[in-house]
Amino acid sequence: MAVSKNNNQTKDINYYKKKFWKIYLYTLGGIFLFFIFASWGLFGSMPSFEDLENPDSNLATEIIATDGVTIGKFYNENRTPIKYADLPKHLVDALVATEDERFYEHSGIDGRRTLGAAIKLGSDGGASTLTQQLAKLLFHGEGSRFLPLRIIQKAKEWIIAIKLERQYTKNEIIAMYFNKADFVNTAVGIRSAAKVYFGKEPRDLTIDESAMLVGMLTNPSLYNPVRRLEKVQKRRNVVLGQMVRNGFLEESAKNTLEKKPIVLHFQPESHTDGIGTYFREYLRDFMKKWVKENKKSDGSEYDIYKDGLKIYTTIDSRMQGYAEDAMKQHLANLQIEFSSQQETNKNAPFVNISEAETKKLMMKAMKNSSRWKGMADQGKSEDEIIKSFGVKTKMKVFTWKGEKDTLMTPTDSIRYYKSFLQAGMMAMEPQTGHIKVWVGGINYKYFQYDHVGQGARQVGSTFKPFVYATAIEQLNMSPCDSIIDSPFMIHKGRHNVTEDWEPKNSNNEYRGMVTLKKALANSINTVSAKLIDKVGPEAVVELTHKLGVKSEIPAQPSIALGAVEITVEDMVAAYSTFANEGVYIKPQFITRIEDKNGLVIYEPSPDSHDVLNKDIAFAVIKLLEGVTEGGSGARLRTQGGGNGYNRVTGYPYMFTNPIAGKTGTTQNQSDGWFMGMVPNLATGVWVGCEDRSARFKGITYGQGATSALPIWGMFMKKCYADKTLNVSKSEFERPANLSIKVDCWAPVKDTTDFEQNTDEFEL
């Protein structure tokens with residue numbers, strides 16, 4: 001009996017052994033087949049070799065200034081790639097110590113961690129390696145919560161991880177991981193994260209800053225430093241502890257670092273923030289057209305939001321910053337005076353317009369508003385929409401001291417925004433056509449109309465140099481030639497005028513015989529009228545168009561006083577021609593465009609043509625120098641301010657170097673201009689309100705010498721203070737064997753430092 005029992009026991013043991021091995025082999029085979037089928041794509045597509053070589057990273061297009069600074073991006077995801085060599089060692093150490101201690105020992109899958117996680121059923125954290133996490137980020141994103149699907153995803157991650165390890169070095173995998181990781185608050189990738197949270201490049205991150213960013217990777221939403229700073233600090237200290245544990249950091253250093261508070265320089269990147277916002281939008285419009293005309297090798301279009309292009313621009317980030325600062329500093333002051341003058345105006349900010357004209361302006365603004373469009377889309381009637389504009393609403397409004405929460409009717413908000421002084425400013429190198437500064441307005445978030453390339457305004461007396469240049473060319477005149485300043489009339493029928501035209505000087509004063517240089521310096525209207533009468537309006541129009549002005553210009557004598565609408569961009573290009581020895585160069589804002597691999601895919605060619613000979617161009621420069629030596633721009637060479645200038649910048653400039661310039665003021669002080677040039681930089685500034693009927697009542701504050709010139713002066717002071725810019729203080733280059741007499745009179749007193757009769761500016 002005993003023998004039979006032992007035989008049964010042996011039989012049972014053998015049976016269960018066979019059963020075990022059969023189950024084991026079937027399970028092993030099943031797992032093997034499962035992974036084989038997954039690799040074949042039976043459970044969903046798998047990345048190809050080409051996909052692994054070029055993973056879809058959804059890279060932002062960078063806009064890069066000439067000094068190497070990224071001034072903006074176009075993106076769906078704010079991601080800018082970075083190479084491993086640009087990552088600080090302590091950042092890499094923090095990542096490895098926290099996320100994958102055995103990263104350099106495994107080949108994509110850490111068997112030890114996987115087995116440990118399986119035994120503990122994941123209670124002690126996951127077993128995903130950095131390579132597996134990268135696989136998830138690159139090819140399917142967030143893991144599914146449905147267990148069967150998550151198992152399939154996990155298997156695919158393993159397979160992809162092994163392939164990635166074969167395809168890339170460990171350093172490349174770390175760089176790819178950092179480039180793909182999401183740090184929330186518009187920061188995707190370590191380069192964006194470093195800039196958004198600390199305002200620096202990754203290479204400049206400190207150990208504690210690196211630890212904070214690595215700590216976020218576990219759960220970026222949970223460890224969001226903008227919302228949960230205390231929790232983030234605790235997590236940062238955990239990372240520091242892991243660095244000690246793995247021999248990357250001394251205990252003493254950890255003890256010091258974990259006591260440091262987290263100091264953020266939070267600067268979320270958006271399309272309406274940062275410098276050069278108007279320029280970036282101008283560039284975006286250009287790129288939308290460019291991608292249709294410049295296709296990829298396979299015939300498809302570039303996507304500026306995900307193809308990781310690098311657009312190298314001519315903009316200088318330092319100059320751009322100085323220009324924006326100068327504009328804000330001056331207009332914030334001038335706005336106080338403007339608002340003060342409007343306090344007694346019942347129809348503020350509009351001056352001398354009828355109720356019907358006011359109603360027309362307001363209705364146009366209403367219909368152009370997002371409120372009107374939104375309510376119209378909802379099927380609301382016009383009467384309902386108009387009525388809503390009279391209901392007080394909570395809103396956030398722009399002020400020069402920052403955004404302000406307030407309660408006002410949409411109608412009042414329209415008047416409020418129309419009361420702001422606007423400005424446009426552009427600077428370029430005359431010799432290259434490179435645009436260095438582009439400031440299209442005072443705040444892109446609230447005022448999205450570009451006053452540089454988009455808006456043409458009347459140019460006033462800044463047009464007069466085109467008349468003088470025509471006279472010098474056609475009549476062989478020189479800046480030293482004299483002409484009589486006296487009452488003058490062009491009679492009906494001559495030059496196509498429909499009625500007698502008699503321009504007036506300031507206070508109806510006439511100076512008698514004056515040189516052309518003195519006449520332009522003092523912006524004498526009768527002289528400009530006499531010159532255009534001699535050469536004919538057609539000749540002036542022809543020359544102005546040769547100077548690159550694209551606006552339609554009527555062949556009428558009145559254009560001599562600036563009754564012409566021209567953009568700031570065209571005015572700067574035209575004036576630059578004089579500084580470039582008579583050669584026009586089309587303004588250029590891009591030097592090259594590269595694809596994500598660094599291949600140059602676009603390089604523009606300069607567009608230029610001869611307009612005037614060197615002697616004539618230099619003669620015009622000398623005329624314009626006279627404006628700043630003793631005319632309407634002479635305040636550039638003085639210090640202080642006259643009566644009533646306490647609310648504007650005054651003129652604390654004290655420039656001693658040669659400056660060619662021209663002020664301009666249009667009828668009723670609706671537009672103020674200053675064009676200023678030194679040998680290697682030409683700049684134009686326009687100031688005015690959105691509507692021409694919103695303006696200063698008097699010439700003291702409304703003239704270009706007060707509204708626009710100070711912006712140029714402050715900008716140039718900042719540029720000269722920055723020696724790295726090499727902005728010239730030298731003389732304009734004098735042509736050899738100059739055939740035109742240009743040195744003829746001594747500087748005289750500034751004539752604009754007092755209240756002037758607006759008749760001078762009648763058009």
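Every number in this text was worked out from the coordinates using simple rules, so none of it is lab data. Bear in mind the structure is a predicted one, so any value in this text is a computation, not a measurement. Note: ideal-geometry Cβ built from the backbone for every residue, glycine included; neighbour counts use all protein chains shown.
For the stretch 227-233, just list the computed ³J(HN,Hα) in residue order, Karplus coefficients 6.51, -1.76 and 1.60, θ = phi - 60°, integers in Hz, with x standing in for Gly and Pro.
10, 10, 5, 5, 5, 5, 5
All other residues with a Cβ under 15 Å from the Cβ of R494 taken together, and with Lys, Arg as +1 and Asp, Glu as -1, what is their net charge?
Details: positive: K492, K530, K534; negative: E499, D500, E502, D533, E538.
Here the count lands on -2.
Evaluate the distance, in nm, between pseudo-label points positioned 7 Å from the Cα of E357 and of R166 along their respective Cα→Cβ axes.
Here the modelled spin labels are 7.9 nm apart.
Could you give the spread of the C-alpha atoms of the stretch 191-254 along their three principal axes, from largest to smallest, in whole angstroms?
Result, largest extent first: 29, 25, 16 Å.
Is the stretch 351-418 rounded, prolate or oblate when judged by the Cα gyration tensor, a ≥ b ≥ c being the square roots of its eigenvalues, rounded requiring a/c under 1.5 and prolate requiring a/b larger than b/c?
The shape class here is oblate.
Determine the shape class of the stretch 149-304: with a ≥ b ≥ c the square roots of the Cα gyration tensor eigenvalues, call it rounded for a/c under 1.5, and otherwise prolate if a/b is greater than b/c, oblate otherwise. Each step should come with its number before you reach the end.
On the way: a/c = 2.38, a/b = 1.36, b/c = 1.75.
Oblate is the answer for the stretch 149-304, as a/c is 1.5 or above yet b/c matches or exceeds a/b.
Given the peptides 725-736, 677-688, 74-85, arrange them by the average over their residues of other C-beta atoms within 10 Å, most packed first.
So the peptides 725-736, 677-688, 74-85, ranked by packing, come out 677-688, 74-85, 725-736.
If you place +1 on the Cβ of every Lys and Arg and -1 on the Cβ of every Asp and Glu, how big does the dipole about the Cα centre of the stretch 351-418 come out, in debye to the nearest 20?
In debye, rounded to 20, the stretch 351-418 gives about 200.
So, in Å, what gap is there between the alpha-carbon centers of the stretch 455-526 and the stretch 152-211?
That distance is 66 Å.
Can you give the FRET efficiency for M654 and Y510, using 1/(1 + (r/R0)^6), R0 = 22 Å, r = Cβ-Cβ distance, to the nearest 0.05?
After rounding to 0.05, the efficiency reads 0.10.
Taking a ≥ b ≥ c as the square roots of the eigenvalues of the Cα gyration tensor of the stretch 421-752, is the shape rounded (a/c under 1.5), prolate (a/b larger than b/c) or oblate?
rounded
Treat the count of other C-beta atoms within 10 Å as a stand-in for reagent exposure and order H265, H451 from fewest to most.
Final ranking by Cβ density, sparse to dense: H265, H451.
Check cross-link reach from K328 to the lysines: straight Cα distance under 24 Å, and skip same-chain residues fewer than eight apart.
K73, K396, K401, K404, K418, K436, K445, K662, K697, K717, K718, K723
Work through the residues other than R318 whose Cβ is under 12 Å from its Cβ and net out their charges, Lys, Arg +1 and Asp, Glu -1. Before the final figure, lay out each step's value.
Details: positive: K436, K718, K723; negative: D67, D316, E324, D325, D722.
Net local charge, R318 excluded: -2.
What number, in nm² with one decimal, is the all-direction average of the projected area of the convex hull of the alpha-carbon atoms of the stretch 274-355?
9.8 nm²
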